[in-house]
Amino acid sequence: FAAPTPFQIQLIVPTNVIPGESEFLLKVTGQNFSNNSVIYIGDSAIETTFISKTELNATIGEFEGNPEIRAYTAPKTDFGDGGFSNSLFFFDGDIVVQAVSITKKYGEPMPALDTIITINGTLLQDTTLTLADIGLTSLLLQTTATASSNVGTYLIDVNRTFDINNADDLVFLKKYNYEFIDGTVTIGKLPVKVVPDDKTIVYGQAIGNVTYKYYKENNQLVTDAFLLNK
(Lines give C-alpha, C1' and ligand atoms only; values in the text may rest on other atoms or scores of the structure.)
Protein backbone atom coordinates (compact mmCIF):
# COMPACT_ATOMS: atom_id res chain seq x y z
CA PHE A 1 0.00 0.00 0.00
CA ALA A 2 3.01 2.31 0.29
CA ALA A 3 4.83 3.98 -2.61
CA PRO A 4 8.37 2.63 -3.10
CA THR A 5 11.28 5.09 -3.01
CA PRO A 6 13.29 5.15 -6.27
CA PHE A 7 17.02 4.55 -5.91
CA GLN A 8 20.25 3.76 -7.78
CA ILE A 9 19.34 5.98 -10.71
CA GLN A 10 21.69 6.36 -13.68
CA LEU A 11 21.54 8.90 -16.52
CA ILE A 12 21.81 7.74 -20.13
CA VAL A 13 22.53 10.58 -22.57
CA PRO A 14 22.59 9.91 -26.34
CA THR A 15 26.00 9.75 -27.98
CA ASN A 16 27.32 13.07 -29.38
CA VAL A 17 24.84 15.07 -27.30
CA ILE A 18 26.15 17.74 -24.94
CA PRO A 19 23.50 18.34 -22.25
CA GLY A 20 22.29 21.90 -22.12
CA GLU A 21 23.19 22.80 -25.70
CA SER A 22 20.17 21.24 -27.43
CA GLU A 23 17.02 19.24 -26.69
CA PHE A 24 17.45 15.49 -26.22
CA LEU A 25 15.71 12.42 -24.79
CA LEU A 26 17.09 11.42 -21.41
CA LYS A 27 16.75 7.85 -20.17
CA VAL A 28 16.89 7.38 -16.42
CA THR A 29 17.40 3.83 -15.22
CA GLY A 30 17.09 2.70 -11.61
CA GLN A 31 14.97 0.76 -9.18
CA ASN A 32 11.45 1.13 -7.76
CA PHE A 33 9.95 3.46 -10.37
CA SER A 34 6.16 3.79 -10.33
CA ASN A 35 3.75 4.99 -13.02
CA ASN A 36 3.51 8.31 -11.19
CA SER A 37 7.28 8.79 -10.83
CA VAL A 38 8.66 12.01 -12.35
CA ILE A 39 12.11 13.33 -13.16
CA TYR A 40 13.25 16.54 -11.51
CA ILE A 41 15.79 18.86 -13.08
CA GLY A 42 16.91 21.19 -10.35
CA ASP A 43 13.78 22.02 -8.33
CA SER A 44 11.37 21.56 -11.24
CA ALA A 45 9.45 18.45 -12.22
CA ILE A 46 9.37 17.80 -15.96
CA GLU A 47 7.02 15.74 -18.10
CA THR A 48 8.04 12.12 -17.66
CA THR A 49 7.16 8.90 -19.46
CA PHE A 50 7.02 5.73 -17.34
CA ILE A 51 8.61 2.89 -19.31
CA SER A 52 8.99 0.28 -16.59
CA LYS A 53 9.85 -0.11 -12.93
CA THR A 54 13.48 0.36 -13.96
CA GLU A 55 13.26 3.10 -16.63
CA LEU A 56 11.86 6.61 -17.04
CA ASN A 57 12.17 8.88 -20.09
CA ALA A 58 11.97 12.66 -20.34
CA THR A 59 12.81 15.32 -22.90
CA ILE A 60 15.45 17.73 -21.62
CA GLY A 61 15.62 21.19 -23.19
CA GLU A 62 18.46 23.69 -23.22
CA PHE A 63 19.76 24.77 -19.82
CA GLU A 64 22.71 26.49 -18.17
CA GLY A 65 24.95 25.21 -15.41
CA ASN A 66 24.93 21.69 -14.03
CA PRO A 67 21.48 21.07 -12.52
CA GLU A 68 20.72 18.25 -10.10
CA ILE A 69 18.77 15.32 -11.60
CA ARG A 70 16.51 13.16 -9.40
CA ALA A 71 13.55 10.83 -9.68
CA TYR A 72 10.56 11.44 -7.40
CA THR A 73 7.55 9.34 -6.43
CA ALA A 74 4.72 10.93 -4.48
CA PRO A 75 4.05 9.18 -1.12
CA LYS A 76 0.80 7.28 -0.45
CA THR A 77 1.02 7.37 3.33
CA ASP A 78 2.28 9.63 6.09
CA PHE A 79 5.03 7.22 7.07
CA GLY A 80 7.91 8.29 4.83
CA ASP A 81 7.25 6.25 1.72
CA GLY A 82 7.98 7.53 -1.78
CA GLY A 83 10.23 10.55 -2.05
CA PHE A 84 13.38 11.41 -3.99
CA SER A 85 16.05 9.10 -5.32
CA ASN A 86 19.78 9.75 -5.17
CA SER A 87 21.00 12.85 -7.03
CA LEU A 88 23.12 12.85 -10.18
CA PHE A 89 24.57 15.54 -12.44
CA PHE A 90 25.26 15.57 -16.17
CA PHE A 91 28.82 16.79 -15.63
CA ASP A 92 31.55 15.67 -13.23
CA GLY A 93 32.63 19.25 -12.55
CA ASP A 94 31.79 22.91 -13.07
CA ILE A 95 34.72 24.86 -14.52
CA VAL A 96 34.60 28.65 -14.39
CA VAL A 97 37.21 30.62 -16.35
CA GLN A 98 37.17 34.31 -15.47
CA ALA A 99 39.37 36.92 -17.13
CA VAL A 100 41.14 39.12 -14.59
CA SER A 101 40.03 42.73 -15.05
CA ILE A 102 42.70 45.42 -15.38
CA THR A 103 42.77 49.06 -14.29
CA LYS A 104 45.55 51.28 -15.58
CA LYS A 105 46.38 54.89 -16.44
CA TYR A 106 46.59 56.20 -19.98
CA GLY A 107 50.00 55.53 -21.52
CA GLU A 108 51.06 52.99 -18.91
CA PRO A 109 52.18 49.58 -20.21
CA MET A 110 49.51 46.93 -20.59
CA PRO A 111 49.80 44.23 -17.91
CA ALA A 112 49.77 40.63 -19.08
CA LEU A 113 46.29 39.16 -19.49
CA ASP A 114 45.44 36.48 -16.96
CA THR A 115 42.58 34.28 -15.77
CA ILE A 116 41.21 32.78 -12.58
CA ILE A 117 40.09 29.17 -13.08
CA THR A 118 38.02 27.25 -10.55
CA ILE A 119 36.73 23.68 -10.55
CA ASN A 120 33.66 23.20 -8.39
CA GLY A 121 34.64 26.39 -6.60
CA THR A 122 38.27 25.35 -5.95
CA LEU A 123 41.14 27.22 -7.59
CA LEU A 124 42.89 25.16 -10.26
CA GLN A 125 46.26 25.64 -8.54
CA ASP A 126 44.82 24.12 -5.38
CA THR A 127 43.95 20.88 -7.20
CA THR A 128 46.10 18.19 -8.77
CA LEU A 129 44.72 18.99 -12.24
CA THR A 130 46.49 20.86 -15.04
CA LEU A 131 45.19 22.90 -17.98
CA ALA A 132 45.71 19.85 -20.16
CA ASP A 133 43.63 17.70 -17.81
CA ILE A 134 40.63 20.02 -18.19
CA GLY A 135 41.01 20.81 -21.89
CA LEU A 136 42.13 24.43 -21.58
CA THR A 137 45.63 24.41 -23.09
CA SER A 138 44.30 26.39 -26.08
CA LEU A 139 42.51 29.01 -23.97
CA LEU A 140 42.23 32.31 -25.88
CA LEU A 141 42.53 35.72 -24.17
CA GLN A 142 42.36 38.91 -26.21
CA THR A 143 41.54 42.62 -25.97
CA THR A 144 41.77 45.62 -28.27
CA ALA A 145 43.22 47.77 -25.48
CA THR A 146 46.87 48.84 -25.73
CA ALA A 147 49.17 51.13 -23.75
CA SER A 148 48.18 54.00 -26.05
CA SER A 149 44.42 53.33 -26.13
CA ASN A 150 42.25 56.29 -25.19
CA VAL A 151 40.60 56.62 -21.80
CA GLY A 152 37.65 54.24 -21.54
CA THR A 153 36.63 50.63 -20.92
CA TYR A 154 37.60 47.74 -23.18
CA LEU A 155 36.49 44.10 -23.20
CA ILE A 156 38.80 41.21 -22.36
CA ASP A 157 37.38 38.23 -24.22
CA VAL A 158 38.13 34.78 -22.82
CA ASN A 159 37.10 31.64 -24.65
CA ARG A 160 37.99 28.14 -25.71
CA THR A 161 36.40 26.83 -28.90
CA PHE A 162 35.32 23.20 -28.59
CA ASP A 163 34.48 21.07 -31.61
CA ILE A 164 31.75 18.52 -30.90
CA ASN A 165 33.01 16.48 -33.86
CA ASN A 166 36.46 16.22 -32.31
CA ALA A 167 36.73 13.09 -30.17
CA ASP A 168 39.09 14.69 -27.64
CA ASP A 169 36.90 17.78 -27.27
CA LEU A 170 33.81 15.62 -26.88
CA VAL A 171 35.38 13.84 -23.90
CA PHE A 172 35.92 17.16 -22.12
CA LEU A 173 32.44 18.48 -22.98
CA LYS A 174 30.80 15.37 -21.56
CA LYS A 175 32.89 15.55 -18.39
CA TYR A 176 32.88 19.26 -17.55
CA ASN A 177 30.45 22.15 -17.65
CA TYR A 178 32.34 25.26 -18.76
CA GLU A 179 31.54 28.90 -18.03
CA PHE A 180 33.65 31.69 -19.50
CA ILE A 181 33.39 35.16 -17.94
CA ASP A 182 34.86 38.13 -19.79
CA GLY A 183 36.81 40.88 -18.05
CA THR A 184 37.50 44.56 -18.75
CA VAL A 185 40.42 46.91 -19.17
CA THR A 186 39.61 50.26 -17.59
CA ILE A 187 41.92 53.07 -18.69
CA GLY A 188 41.84 56.25 -16.60
CA LYS A 189 43.35 59.66 -17.17
CA LEU A 190 47.04 60.03 -16.37
CA PRO A 191 47.60 62.88 -13.88
CA VAL A 192 50.56 64.95 -15.06
CA LYS A 193 52.27 67.80 -13.22
CA VAL A 194 53.81 70.39 -15.58
CA VAL A 195 56.89 72.17 -14.14
CA PRO A 196 58.69 74.91 -16.11
CA ASP A 197 62.45 74.62 -16.19
CA ASP A 198 64.46 77.21 -14.29
CA LYS A 199 66.04 79.86 -16.49
CA THR A 200 68.67 82.51 -15.87
CA ILE A 201 68.78 85.61 -18.11
CA VAL A 202 70.44 89.06 -18.07
CA TYR A 203 68.17 91.95 -17.26
CA GLY A 204 66.63 93.29 -20.43
CA GLN A 205 67.13 90.13 -22.48
CA ALA A 206 64.14 88.39 -24.04
CA ILE A 207 62.96 85.44 -22.00
CA GLY A 208 62.74 83.26 -25.08
CA ASN A 209 61.12 79.86 -25.18
CA VAL A 210 60.17 78.29 -21.88
CA THR A 211 60.76 74.55 -21.56
CA TYR A 212 58.95 72.16 -19.23
CA LYS A 213 59.30 68.88 -17.50
CA TYR A 214 56.35 66.56 -16.88
CA TYR A 215 55.90 64.39 -13.78
CA LYS A 216 53.51 61.58 -12.95
CA GLU A 217 51.58 61.61 -9.68
CA ASN A 218 54.43 59.73 -7.98
CA ASN A 219 56.84 62.52 -9.08
CA GLN A 220 58.39 60.18 -11.65
CA LEU A 221 59.72 62.10 -14.62
CA VAL A 222 57.85 61.41 -17.86
CA THR A 223 60.35 60.39 -20.52
CA ASP A 224 58.07 58.33 -22.76
CA ALA A 225 58.23 59.90 -26.24
CA PHE A 226 54.61 59.01 -26.96
CA LEU A 227 53.31 60.84 -23.90
CA LEU A 228 55.59 63.84 -24.49
CA ASN A 229 54.24 64.15 -28.01
CA LYS A 230 50.70 64.07 -26.63
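The values are calculated or read from the model by the stated rules, or taken from the named source; none is laboratory data. Computed from a prediction, not measured in an experiment: that's the story for all the values here. Because the Cβ atoms are built from the backbone with ideal geometry, glycine has one as well, and the counts that use them run over all protein chains shown. Please note that ligands, DNA and RNA were not included when accessible areas were found on the heavy atoms of the full protein model with its side chains. Shrake-Rupley method; radii C 1.70, N 1.55, O 1.52, S 1.80 Å.
Quick check on my filter: what residues within region 110-168 are part of a helix (DSSP H, G or I) and open to solvent by 50 Å² or more (accessible area, probe 1.4 Å)?
Filtering region 110-168 down to residues part of a helix (DSSP H, G or I) leaves 124-126, 167-168.
Listed by number, the residues that qualify are Gln125, Asp126, Ala167, Asp168.
In region 190-204, which residue that is surrounded by 10 or more Cβ atoms within 10 Å (Cβ to Cβ) and part of a loop (DSSP other than H, G, I, E, B) is nearest to the chain's Cα centre (by Cα)? Steps first, please.
Taking region 190-204 as the starting set, the residues that turn out to be surrounded by 10 or more Cβ atoms within 10 Å (Cβ to Cβ) are 190-193, 195, 199.
Among the residues that remain, those that are also part of a loop (DSSP other than H, G, I, E, B) are: 190-192, 199.
On the way: Leu190: 32, Pro191: 35, Val192: 38, Lys199: 59 Å.
That would be Leu190.
Here is a yes/no grid of residues against (1) out of contact with any helix residue (DSSP H, G or I) (no Cβ under 6 Å at 6 or more places or on another chain); (2) over 30 Å from Gly20 (Cβ atoms):
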residue: Asn150; (1), (2): yes, yes
residue: Asp163; (1), (2): no, no
residue: Tyr178; (1), (2): yes, no
residue: Thr184; (1), (2): yes, no
residue: Gly188; (1), (2): yes, yes
residue: Glu217; (1), (2): yes, yes
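Just to be sure I understand the filter: pairs with C-beta atoms under 6 Å, separated by 6 or more residues or on different chains, first member in region 177-203 and in contact (Cβ under 8 Å) with a residue 60 or more places away in the chain and of a type in the set (Gly, Ala, Ser), second member part of a loop (DSSP other than H, G, I, E, B) and surrounded by 10 or more Cβ atoms within 10 Å (Cβ to Cβ). Which pairs pass?
Correct list of pairs: Gly183/Val100; Gly183/Ser101.
Residues Ile95, Ile60, Ile117, Ile69: which one is free of Cβ contacts under 8 Å to residues at least 40 places away in the same chain and farther than 14 Å from Pro4 by Cβ?
Values: Ile95 fails: free of Cβ contacts under 8 Å to residues at least 40 places away in the same chain; Ile60 fails: free of Cβ contacts under 8 Å to residues at least 40 places away in the same chain; Ile69 fails: free of Cβ contacts under 8 Å to residues at least 40 places away in the same chain.
One residue alone meets the criteria, Ile117.
Any residue in region 67-89 that is buried (at least 16 other Cβ atoms within 10 Å of the Cβ), over 30 Å from Asn36 (Cα atoms) and not hydrophobic (A, V, I, L, M, F, W, C)?
Let us first name the residues in region 67-89 that are buried (at least 16 other Cβ atoms within 10 Å of the Cβ), namely 67, 69-73, 82-83, 85.
Now narrow it down to the ones that are over 30 Å from Asn36 (Cα atoms): none.
Looking through region 67-89, none of the residues is buried (at least 16 other Cβ atoms within 10 Å of the Cβ), over 30 Å from Asn36 (Cα atoms) and not hydrophobic (A, V, I, L, M, F, W, C).
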